[in-house]
Amino acid sequence: MDKKTSLKNIFADKSSLILRKILGESDRKWVVRDFNGPQGVSLRLAQQVLEVMGQKGYAERVKKGPDSYTLLTYPDKLIKDWTDAYKFELNSVSTYYTHDKNILKKMKTVLKNKSYALTLHTGANLLTSYVKTDHVYVYLNTDNWEKDILSIRQQLDLKELVHGGNAHFIKPFYKTSIFVDKQKIEGYSVVSNLQLFLDLYHFQPRGREHAEFLKDQLNKKGADLGQ
């Protein structure tokens, strides 16, 4: 198979592990073995992703025999193409309703021993306070979705409506990589800045506006989306 077509999507779950790592250290010279290991990917997948990055113009592939390396050259182009390929709607969302104005604080207590992360306006607002909303969006990692959701609903007194709601539990499309670089803000677990940007960008209402504001705020602090 032609190398140019051997990898269909570098924005897929496991491939994105490589992109996230590169964007987190954008000045580093990368080699294939940097992505191997217990929480990494296969050497073959790493090689394929780096090849596609070179072909797409995201990175420069420097050929020096055993000293060859890949250097990220156009991170903005990489992120733009990623946002074009990704939509929050790829996730599976279970939605419920609460009238409780303190639901986020109570949710932090109920979820403290679970693997979770806030996203969309819920997570980004902890950094920006930009969009006022009573909706809560949270990724949940569990081996028994139905059982754990039922338990959480009972503890938080969440109602199931025919349509709509404001408490959203998300079964992630990125099953492997969604919690990479998860951050702790005000005691809450929040997805990475990069994942916040990806989730927000095509989200309505005001997702793109919030995504761009988040990016600007990070730039003012001397950071970027990968950090």
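Computed from the coordinates by the stated procedures, all read-outs in this text should not be read as laboratory data. Keep in mind it's a predicted model, so treat the numbers as computed, not measured. Cβ coordinates were reconstructed from backbone atoms using ideal geometry, including for glycine residues, and neighbour counts include every protein chain displayed.
Ranking request for peptides 188-194, 113-119, 219-225: highest mean number of other beta-carbon atoms within 10 Å first, then the rest in descending order. Could you put the intermediate results ahead of the total?
On the way: 188-194: 22.7, 113-119: 19.6, 219-225: 12.4.
Most protected by this proxy first, the peptides run 188-194, 113-119, 219-225.
Near THR83, once Lys and Arg are set to +1 and Asp and Glu to -1 for all other residues with Cβ below 12 Å from its Cβ, the sum equals 0. Each 10 Å bin from 0 upward holds the following percent of the Cα-Cα pairs of segment 1-117: 11, 35, 25, 16, 10, 2, 0. For the chain, the ratio of Cα radius of gyration to the globular rule of thumb 2.2 N^0.38 Å stands at 1.10. Extension gain for ASP67-LEU150 works out to 24.5 nm (0.36 nm per residue, less the C-alpha to C-alpha distance).
Using all alpha carbons of segment 59-151, what is the percent of pairwise distances in each 5 Å bin, ordered from the shortest bin to the longest? For segment 59-151, the binned pair fractions read 3, 9, 14, 17, 15, 10, 9, 7, 7, 5, 3, 1, 0 percent.
Can you check what the net charge comes to around LYS215, using other residues whose Cβ is under 15 Å from the Cβ of LYS215 (Lys, Arg +1; Asp, Glu -1)?
On the way: positive: LYS77, LYS80, ARG206, ARG208, LYS220, LYS221; negative: ASP76, ASP199, GLU209, GLU212, ASP216, ASP224.
Local net charge: 0.
Applying both filters, DSSP loop and at most 15 other Cβ atoms within 10 Å, to the GluC sites (Glu not before Pro) of segment 22-107 gives GLU25.
Placing +1 on each Lys and Arg Cβ and -1 on each Asp and Glu Cβ, with no other charges, gives the chain a dipole about its Cα centre of roughly 340 debye. Each peptide in 100-107, 43-50, 131-138 gets a packing score, the mean of other Cβ atoms within 10 Å over its residues, and the list from highest to lowest is 43-50, 131-138, 100-107. Summing Lys and Arg as +1 and Asp and Glu as -1 over all other residues whose Cβ lies under 13 Å from the Cβ of ASP224 gives a net charge of -1.
Mean residue ellipticity, 222 nm, helices only, the chain: the sum of -39500 (n - 2.57) across DSSP H runs of n ≥ 4, divided by residue count and rounded to 500, is -12000 deg cm²/dmol.
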